[in-house]
Every structure is written in C-alpha cells, then in structure tokens.
Amino acid sequence: DQQVKQNSPSLSVQEGRISILNCDYTNSMFDYFLWYKKYPAEGPTFLISISSIKDKNEDGRFTVFLNKSAKHLSLHIVPSQPGDSAVYFCAASGGTNAGKSTFGDGTTLTVKP
Amino acid sequence: NAGVTQTPKFQVLKTGQSMTLQCAQDMNHNSMYWYRQDPGMGLRLIYYSASEGTTDKGEVPNGYNVSRLNKREFSLRLESAAPSQTSVYFCASSFGKAGRYEQYFGPGTRLTVT
C-alpha cells in the first residue's frame, strides 16, 4: 500500500504561469512533509517543508499548502521558469516513520519557454 | 565542502558478483541513508543509520548489508548481485532524523546487473 501518492506523473506549463504539483497521503500519523527537486543524473535536493501545525509555508517562488483533513498537500511555483523543469518528489514522515521519510513516485515538471 | 560523495558513479556486475558502494559526507551529520530508485518510481529506503554505531532496515533491505564505518562513512554491500538489483542508488545524510530534517543526497551510483 503506497502511503504517499503523486497521481500526476507529468505536468507541462508555460513560462511565467503557475505550476501546481499535488501529493496525497494515507497515513494519518504523518506530520511533517518535504518537497525535493531532482535534475537528471543528479541526486535530489531539498526544496521546502511544512509541519502539520501549519497550513502554508512560503519560500520565494515556492509555496506549500497542507490540507490535513483531506490528507493532501500541494506545491505552487509562481512564476514558473524553464530552470524549474525537473522531477519533484513529495516526502512524508511521522508516527512509526518519524525517523525516516516515505517518498512519492515523483512528478516531472516541464516549463516551456 | 563536498557534501555527500558516492563511489563509483557507474558499475556493471554479473549475477552473483559482489560489490560495495561507498558513501561519505563532510557535513558532520548524524544520520545517513541508502535509497534505490527504479524507473518511474520514488526513492525506496534500503537501510539507514540514525547515528554512528547503529543501523536499521528500511523498506527494501533484502539482498543488502550496510556498515556505518564512522560518522562520515556509510557503505552498502551487495553480497550476491541479482538483476532485480539493477537500479540507481542514492546515499543521503541529515543532521537529525530524516523526517524532521532535510536530507542531502549524493549524485547516485547507476548499477546494472546482467
């Protein structure tokens, strides 16, 4: 049973527009969430995180929203830039998984100039 | 500051051969991790070490062993490689528990088992 799901394998947006990447989770014990970005042939890099005590966290062009009742989080990138083209992974932790993160399968974002 | 380094970058093994993947970090992090990533899938945790001297199984530990050699180094060993172990392997480290601290990843080792 996959506990963290990113249901859209890919997303294509125009430069300057908003990118919205979604992530759903099933484990109600998860209380900390992170987003990572991965370029080809490189390791993932941390982007932004959010604790379950918050419903929003912002860092520059990146904002993560958390809806605990729906067990859903989303990453908004505004405005999108071609350099944002990468695979984005959602990760979650908490409960018996407090010491480690469970990752989704990733969403490939393509930002067209 | 090199961050997290992994060797080798690429490796081809025959079924049944053994090898050790090396990982080192220079950020004085306490926790280290080994993941594998298969095509179209996320990162699956193989083993982790919450602190020097401890190791624990992750989601997919079968066929692997690990050694936390010291605070800096965490190696992953395949005793008898199988084609199902063809994957990209990432080592990561974090200051504290991965669930509460971001992880820093190495560039990966691309392993092919024929």
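Observations, loosely collected:
- Segment A:28-113: translational diffusion in µm²/s, Stokes-Einstein, Kirkwood Rh over Cα pairs, 25 °C, 0.890 mPa s: 182
- The Cα center of segment B:28-49 and the Cα center of segment B:77-114 differ in position by 5 Å.
- Of B:Gln85, B:Gln17, B:Gln37, the residue with the greatest mean-square motion in the GNM of chain B, using alpha carbon springs below 10 Å, is B:Gln17.
- Chain B - Rg and Dmax from Cα coordinates, angstrom: 13.1, 39
- In straight-distance terms, cross-link reach from B:Lys97 covers every one of the aspartates and glutamates whose alpha-carbon lies under 19 Å from its own, apart from those fewer than eight places away in the same chain; here that gives A:Asp31, B:Asp26, B:Glu52, B:Asp56, B:Glu59, B:Glu73.
- When only Cα pairs below 8 angstrom with a gap of at least 6 residues are kept, segment A:37-113 shows a relative contact order of 24 percent.
- Taken residue by residue and averaged, Cβ atoms of other chains lying within 10 Å of the Cβ of A:100-110 number 5.
- In whole percents, the pair-distance distribution calculated for segment A:65-105 from its alpha-carbon pairs, binned every 5 Å from zero, is 5, 16, 20, 24, 17, 11, 6, 1.
- Segment B:33-114: GluC sites (Glu not before Pro) in DSSP loop, at most 12 other beta carbons within 10 Å: B:Glu79
- Only lysines eight or more places from A:Lys112 in sequence, or on another chain, were considered; those with a Cα closer than 26 Å are A:Lys5, A:Lys37, A:Lys38.
- Compactness relative to 2.2 N^0.38 Å, alpha carbon Rg of the protein assembly as shown: 1.01
- Proxy reagent accessibility, fewest Cβ within 10 Å first, across A:Thr63, A:Thr96: A:Thr96, A:Thr63
Each reported figure results from applying straightforward, stated rules to the coordinates on display, with no laboratory input. Here the structure is a predicted model, which means the values were calculated and not measured. Cβ sites come from the backbone with ideal geometry, for glycine too, and all protein chains shown count toward neighbours.
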